[in-house]
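The values are calculated or read from the model by the stated rules, or taken from the named source; none is laboratory data. All values reported here derive from a predicted model rather than from experimental measurement. FYI the Cβ positions are ideal-geometry reconstructions off the backbone, even for glycines, and counts take in every protein chain you see.
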Amino acid sequence: MTRRISTLFLTVFATGLLGSAAAIAQDAKGKPAAAAAPAAAPAAAAPATAPATDVNRFNRLLKPANQRNLPPTQDGIHDPASEGTTALMPPLSAFETLPRSNAGNRVNWVKALEDRAINPRWDRLDPNAVPVVMDLNIVREVKGSMPDVVYPHKQHTEWLDCSNCHPAIFIPQKGANQISMAAILLGQKCGVCHGKVAFPVSECRLCHSKKKDGPIARTGQ
Amino acid sequence: MKQVPWVTRVRRGLTALLFAVVAITLWTPSDSRAEYGDIVINNYADAAGMRPAIFPHWFHRIRFRCKVCHADLGFQFKAGGNEITMLKIIDGQFCGACHNGEIAWSVENCDLCHSGKPNTPTQVHESTIQKLAVPVGQGGSKK
């Protein structure tokens, strides 16, 4: 009997301890101490109220690392009540073996293809069909201090057919295409894919990759 | 040696509590956290009493290059811009070119595509324009 009582006491004590431990854990995750500290006293309430009161958390618009590549049942757009949802593949299980990147799906798809980590078909039926790859870099000089843009046909023709871009999105003629970051952000020109399925516009240097030589480079520093 | 049973009991209790706390801390109800490039297509689904269809680009690009669907099968680069219907699919157009029971599972697996939360609008999930136009956090204002 005494043992039971002491166990009970210990459990209550442990609950209190764990409450503060949870608060510390939340601090470590970058959440404000102010939100977690008052909740530490009622131990059970601490974890439950934290997310709702977390308006002032650090980098509130960024997706926390533990909420990337969630399985369909937790991703917010699939209906967890649907039987089909549970049958779908969790993205992380597919991405495990692929080279990672810092944006989008957090997979470097171009590298995955280069390294043969994936071998997507070029033809719907023929697994041995190979793409017609064109190795031609287009350099676009840009205004301001940003490095010039190098557009590699090679990586694009590994995935796409010429007709996907030419002539509807890009007129295949030097100087015929007006491209601006504003247009790209709105989903036109490069933005038809970049910012939707290909690496997003946050990865500036992947396109703006050629250092300027000349006066602009000096004033731009 | 006498104390061992209750020590293990406490230890067990502690472990269970720890698990509970960790589980609750990690689980946070939130906005959509789906994959970059997931397409929700809700042209006709809601009106027809079906869940909206979700197309995961990440899954398909591991198996096919963009060209197969966007050049050979005629999918436009526009979410909801292809006016896909089940009739077209069973006739072998659009999704039906592969989802025919030969290259990929066939159309009777309704729930595998029509798995979206009801009333989810047509969208490219996580697209730049979605991030620019829609506030991210619940009740949060733009930027």
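Summary of computed values
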| read-out | value |
| --- | --- |
| Residue within segment A:108-131 that is facing chain B (nearest Cβ under 10 Å), within 27 Å of the chain's Cα centre (by Cα) and more than 19 Å from B:HIS57 (Cα to Cα) present | no |
| Candidates A:ARG57, A:ARG121, A:ARG68, A:ARG116 - the one that is more than 21 Å from B:GLY37 (Cα to Cα) and touching a helix residue (DSSP H, G or I) at 6+ places or on another chain (Cβ under 9 Å) | A:ARG57 |
| Residue that is surrounded by the most Cβ atoms within 10 Å (Cβ to Cβ) [pool: residues in segment B:94-114 that are within 14 Å of the chain's Cα centre (by Cα) and over 15 Å from B:HIS60 (Cβ atoms)] | B:HIS114 |
| Test result for B:GLU102, under 17 Å from B:MET50 (Cα atoms) and in a loop (DSSP other than H, G, I, E, B) | no |
| Residue satisfying condition, being modelled with pLDDT of 95 or more, more than 10 Å from chain A (Cβ to nearest Cβ) and under 19 Å from the mean Cα position of the chain (by Cα), within set B:ASP46, B:ASP91 | B:ASP46 |
| Any hit, segment A:55-69, residues being at pLDDT below 95, in contact with an Asp or Glu (Cβ under 6 Å, 6 or more places away or on another chain) and either under 20 Å from A:LEU160 (Cβ atoms) or of a type outside the set (Val, Ile, Thr) (or both) | no |
| Of all residues making up segment B:59-73, the number that are farther than 15 Å from B:TYR36 by Cβ, surrounded by fewer than 20 Cβ atoms within 10 Å (Cβ to Cβ) and either more than 7 Å from chain A (Cβ to nearest Cβ) or touching a residue at least 60 places away in the same chain (Cβ under 8 Å) (or both) | 1 |
